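*Asks:* Submitted below is the structure of interest, expressed as structure tokens.
Just so you know, all these numbers are worked out from the coordinates, no wet-lab data involved. Please read these numbers as outputs of a predicted model, since none were measured by experiment. Every residue, glycine as well, gets a Cβ built from its backbone with ideal geometry; the counts of neighbours run over all protein chains shown.
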């Protein structure tokens, strides 16, 4: 009925479903077809805008996460930073790597996060968000050892690869975590590294030693929180 | 099937498409957001519904269309749509034009389930017959028959109005 490229085809292209030859063909068509070129750009923009959309879907049985954009997350992180700078690290908390990126942690009821320091209280149902300020691009992860002695990876949401963290001030890690009902001490490790590293060694170390040792090229912040019933 | 389905990954990769199409079909941001939530929460609860025999895009196109049509068919929406004036139908319009989208949305709730799906794919998504056949799981010939029947029904509606 028409010679244009359907939205389905564009969606497949954007999702990397299309074979290379079909992808090339579609993009070549868009170059010569004003209507399809405009539609492609429109869908591409929509895909980008979707990443800014906060989402609250319980993806995992125990933990749920949602994503927000760096700019949106930065609003929360910025608020956190203002409060954090007025507080000194508490006992049980350490930040490794002098003159390295500043790593922040906030938690609380969704939409009302407050900065967390060592031994602060958190509660089931609270959300937890890590933030950072870094002068250079890096990679990061947030790992936790909960009261049941289980190690959980909060960031990345899946996989064994650190997430990319673009340089910036008061930025958020790309996902937030809704805390479950396991009570007790919860050790949160926020990790920033110059180059991406596999998470498995970090997870294994946190499980066996309850902490993470210094690593070249990485900045690590350990915060031990107390999760109690509300 | 469905075990180990990476719903988070699907959401990140295809969520924008689900949301956009739901907006196109329902013409409502709020309802589109609800459809997005409904589909992915449903996948978390029942991952086996995606048997992974087709591409995720194919599955989610069908799931979104079905969810939107179901919503359009509820009583409240049906009454709202019946009150709307259906614009005169033509078959040579640009399938992706705003006029076409408005027109198709206006009559979706009054079509048979199969005709409504075909109308969405053809007039809102601008799909080819082959693509529609793939998503509907039928032959291209059947798609042609469906669209022809759809055109006849809409022409009859136009004459009657």
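*Asks:* Quick check: is even one residue across segment A:121-130 more than 20 Å from residue A:228 (Cα to Cα) and surrounded by fewer than 21 Cβ atoms within 10 Å (Cβ to Cβ)?
*Replies:* No, segment A:121-130 contains no residue that is more than 20 Å from residue A:228 (Cα to Cα) and surrounded by fewer than 21 Cβ atoms within 10 Å (Cβ to Cβ).
*Asks:* What about residue B:49, is it in contact with a strand residue (DSSP E or B) (Cβ under 7 Å, 6 or more places away or on another chain) and surrounded by fewer than 17 Cβ atoms within 10 Å (Cβ to Cβ)? Step through it out loud before you land on a result.
*Replies:* Numbers: in contact with a strand residue (DSSP E or B) (Cβ under 7 Å, 6 or more places away or on another chain): no; surrounded by fewer than 17 Cβ atoms within 10 Å (Cβ to Cβ): yes.
For residue B:49, the condition - in contact with a strand residue (DSSP E or B) (Cβ under 7 Å, 6 or more places away or on another chain) and surrounded by fewer than 17 Cβ atoms within 10 Å (Cβ to Cβ) - is not met.
*Asks:* Considering every residue within segment B:116-125, establish whether at least one is farther than 28 Å from residue B:52 by Cα and touching a residue at least 12 places away in the same chain (Cβ under 8 Å).
*Replies:* Just the residues of segment B:116-125 that are farther than 28 Å from residue B:52 by Cα, to begin with: none.
There is no residue in segment B:116-125 that is farther than 28 Å from residue B:52 by Cα and touching a residue at least 12 places away in the same chain (Cβ under 8 Å).
*Asks:* Test of understanding: among A:180, A:216, which residue is in a loop (DSSP other than H, G, I, E, B), surrounded by 16 or more Cβ atoms within 10 Å (Cβ to Cβ) and out of contact with any strand residue (DSSP E or B) (no Cβ under 8 Å at 6 or more places or on another chain)? Break it down into steps so the answer makes sense when it comes.
*Replies:* Details: A:216 fails: surrounded by 16 or more Cβ atoms within 10 Å (Cβ to Cβ).
Just a single option satisfies the conditions, and that option is A:180.
*Asks:* Additional query: Of all residues in segment B:126-161 being touching a residue at least 40 places away in the same chain (Cβ under 8 Å) and touching a helix residue (DSSP H, G or I) at 6+ places or on another chain (Cβ under 9 Å), which is surrounded by the most Cβ atoms within 10 Å (Cβ to Cβ)? If you could, list the steps in order and put the result at the bottom.
*Replies:* In the first step, residues of segment B:126-161 are kept if they are touching a residue at least 40 places away in the same chain (Cβ under 8 Å); the result is B:134-136, B:151, B:153-155, B:157-158, B:161.
Keeping just the survivors that are touching a helix residue (DSSP H, G or I) at 6+ places or on another chain (Cβ under 9 Å) gives B:134-136, B:153-154, B:157.
Values: B:134: 20, B:135: 24, B:136: 20, B:153: 17, B:154: 22, B:157: 15.
Residue satisfying both the conditions and the ranking: B:135.
*Asks:* Another question about this same structure. Of these, A:8, A:13, which one is closer than 25 Å to residue B:33 by Cβ, part of a helix (DSSP H, G or I) and facing another protein chain (nearest Cβ under 8 Å)? If you could, list the steps in order and put the result at the bottom.
*Replies:* Working: A:13 fails: facing another protein chain (nearest Cβ under 8 Å).
Sole residue among the options that is closer than 25 Å to residue B:33 by Cβ, part of a helix (DSSP H, G or I) and facing another protein chain (nearest Cβ under 8 Å): A:8.
*Asks:* Counting only residues that are within 14 Å of chain B (Cβ to nearest Cβ), out of contact with any helix residue (DSSP H, G or I) (no Cβ under 8 Å at 6 or more places or on another chain) and part of a loop (DSSP other than H, G, I, E, B), which one in segment A:153-169 is surrounded by the fewest Cβ atoms within 10 Å (Cβ to Cβ)?
*Replies:* Per the criteria, the residue is A:159.
*Asks:* Still on this structure, please answer the following. Just name the residue that is nearest to the chain's Cα centre (by Cα) out of those in segment B:21-42 that are crowded, with 21+ Cβ neighbours inside 10 Å and at the interface with another protein chain (Cβ under 9 Å from one of its Cβ atoms). Steps first, please.
*Replies:* The initial filter retains those residues of segment B:21-42 that are crowded, with 21+ Cβ neighbours inside 10 Å, namely B:21-22, B:25-26, B:32, B:35-36, B:39-40.
After this cut, where a residue has to be at the interface with another protein chain (Cβ under 9 Å from one of its Cβ atoms) as well, the list is B:21, B:36, B:40.
Values: B:21: 8, B:36: 13, B:40: 17 Å.
This residue is B:21.
*Asks:* Right, next: Exactly one condition in (1) within 19 Å of residue A:126 (Cα to Cα); (2) in a strand (DSSP E or B) is false for residue A:230; which is it?
*Replies:* (2)
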